[in-house]
Amino acid sequence: MADRVTVIGWDGSPLTAAARGALGAATLVAGAAHHLALPEVPAGAERIRLGSVALAARRIAAHRGTAVVLADGDPGFFGVVRTLRAPEFGLEVEVVPAVSSVAAAFARAGMPWDDAHVVVAHPRTLRRAVNVCRAHTKVAVLTSPGAGPAELGLLMDGIHRTFVICEELGTPREQVSVVTSEKAADHTWRDPNVVIVIGGPVGPVGAADSGGWIAGRDPSGGPRGWSLPAGEYGGELGEGEREPLRTAQLARLGPRLGDLVWDIGCGSGAFATDAARAGAAVIAVDGDHGACARTDAAARRHGVQLQIVHGNAPHVLENLPEPDVVRVGGGGAAVVSAVADRRPQRIVAHAATRDAAELIGRNLTEHGYQVECALLQSVELDTRAWTETERSVAFLLSGVLPARGN
């Protein structure tokens, strides 16, 4: 095993005395081509062109001597330190950090970033990274080949954002470009790059910018509650949107950061807004222009971002991006069947009668979903006289794909 492993972050600035000392004593140096070309790399040291960090870690573990790994930015922030410290390699690691590429990108843009989400986009995580960009107003994306600015722009179809694209930070070829998300796909971008994605409403109407207290989205913004009462959505809600049913639907679906939610038959926008408040990206669908307008107003009132699609299901669903979870608020078994064909992880629907519930349940079962059904009855009371003011009854159905139920 290597006697000592030092990971040195590089941001284009002159190396610190600690970094120069570690590098000067190295008998093995691993890094990208531009790292290995640094004049401080000892001429007699073994050199490893860093591709797979796991493969490099195995070679370092077998090396007898002193190893240095060079990495861009802060190697402890979505960097090589996590892999090198994996128990399977048994390496003791010292770290000499540098300014992270995310911090450098926001510095180039002249923007604060304590309120930004930071995501990593690989081909396998690109869709989830895009969902975060759909749902939030400021996101930094650490890209990779095959999951760069062009791919982000293509998958943001229908959502307007501004991209600040920072290529090859810290090198003589550094370049910062500002383009719309629609234009990002029309260009070939150099790796490595960081994309800052900005746009959309900045928060609930009337919210003051206090400077924040936690990185990323402030969870204390807006009113408390998984779901909000009817008064928060302009008054009377439809039968399928009342708070007890809506809360149960949210609990069954569990929308979260990185998810894409379809809300089909969005009505007043209550469920769509609640799901967006949980951090998910949401596409709200309705064939009624008034419902689309009410949903847009609800989203603006609560400072969340929704994509609203006017059209009738199931036909309008054909060109929508793949969902993770879906609420079917209208359309019955035919819409449930079309949704199930797209294989989301979870589906919820409701029915007014047992016959309609059985039809939806059989449909979900035939599509391979594990189905649960509950009869929900809620009674609202006037607490001044403790008399009944409203009663609602609905069958709540949920379907979960067994292999993707988490």
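The values are calculated or read from the model by the stated rules, or taken from the named source; none is laboratory data. Keep in mind it's a predicted model, so treat the numbers as computed, not measured. Here Cβ is always computed from backbone atoms with ideal geometry, including for glycine, and neighbour counts include all displayed protein chains. These area figures cover heavy atoms from the full protein model, side chains too; ligands, DNA and RNA do not enter into them. Shrake-Rupley method; radii C 1.70, N 1.55, O 1.52, S 1.80 Å.
Using 0.36 nm per residue of separation minus the Cα-Cα distance, give me the extension gain between residue 160 and residue 122 in nm, one decimal.
Taking residue 160 through residue 122 to full extension adds about 11.5 nm, to one decimal.
Could you rank 197, 96 by how accessible they are, 1.4 Å probe, largest area first?
Result of the area sort, largest leading: 96, 197.
DSSP beta bridges in the chain, what fraction antiparallel, as a percent rounded to 5?
Here the share of antiparallel DSSP bridges comes out near 50 percent.
Calculate how large, on average over all directions, the projected area of the Cα convex hull of the chain is; give the answer in nm² to one decimal.
23.7
Report, in deg cm²/dmol and to the nearest 500, the calculated mean residue ellipticity at 222 nm for the chain, where each DSSP H run with n ≥ 4 adds -39500 (n - 2.57) and the sum is divided by the residue count.
-7500 deg cm²/dmol
Quote the charge dipole size of the chain about the Cα centre in Debye, to the nearest 20; the model charges only the Cβ of Lys and Arg (+1) and of Asp and Glu (-1).
Rounded to the nearest 20 debye, it is 960 debye.
Given 10 °C and 1.306 mPa s, compute D for segment 99-194 with the Stokes-Einstein relation, Rh being the Kirkwood radius over Cα pairs; round to the nearest whole µm²/s.
Approximately 120 µm²/s, per Stokes-Einstein.
Taking N as the number of residues in segment 15-75, what is its alpha-carbon radius of gyration divided by 2.2 N^0.38 Å?
Compactness ratio reported: 1.03.
Based on the alpha-carbon gyration tensor of segment 243-352 and its eigenvalue square roots a ≥ b ≥ c, which shape applies: rounded if a/c is under 1.5, prolate if not and a/b is larger than b/c, or oblate?
Verdict is rounded for segment 243-352.
Whose amide H sits under 5 Å from the amide H of residue 95, counting only residues 5 or more places off or on another chain, with H placed in the peptide plane?
The list, which skips near neighbours in sequence, is 7.
So, for the chain, what is the accessible surface per residue at a probe of 1.4 Å, expressed in square angstrom?
48
Arrange the peptides 3-15, 102-114 so that the one whose residues have, on average, the most other Cβ atoms within 10 Å appears first.
Ranking, from highest mean packing down: 3-15, 102-114.
Once you sort the root eigenvalues of the Cα gyration tensor of segment 296-406 as a ≥ b ≥ c, which label holds: rounded (a/c under 1.5), prolate (a/b larger than b/c) or oblate (the other case)?
Taking the square roots of the gyration eigenvalues as a ≥ b ≥ c, segment 296-406 is oblate.
Could you state the number of Å between the C-alpha centres of segment 285-301 and segment 137-153?
If we compute the Cα centre of each part, the gap is 29 Å.
Compute the distance from the alpha-carbon center of segment 322-337 to that of segment 160-175, in whole Å.
Answer, in whole Å: 40.
Listed highest first by mean packing, meaning other Cβ atoms within 10 Å per residue, what order do 18-26, 175-183 come in?
The most tightly packed comes first, giving 18-26, 175-183.
I'd like to compare 127-136, 386-395: which one has the highest average count of other Cβ atoms within 10 Å, and what's the full order after that?
127-136, 386-395
Against the longest alpha carbon principal axis of the chain, how many degrees, from 0 to 90 and to the nearest 10, is the axis of helix 53-62 turned?
It is inclined by approximately 40 degrees.
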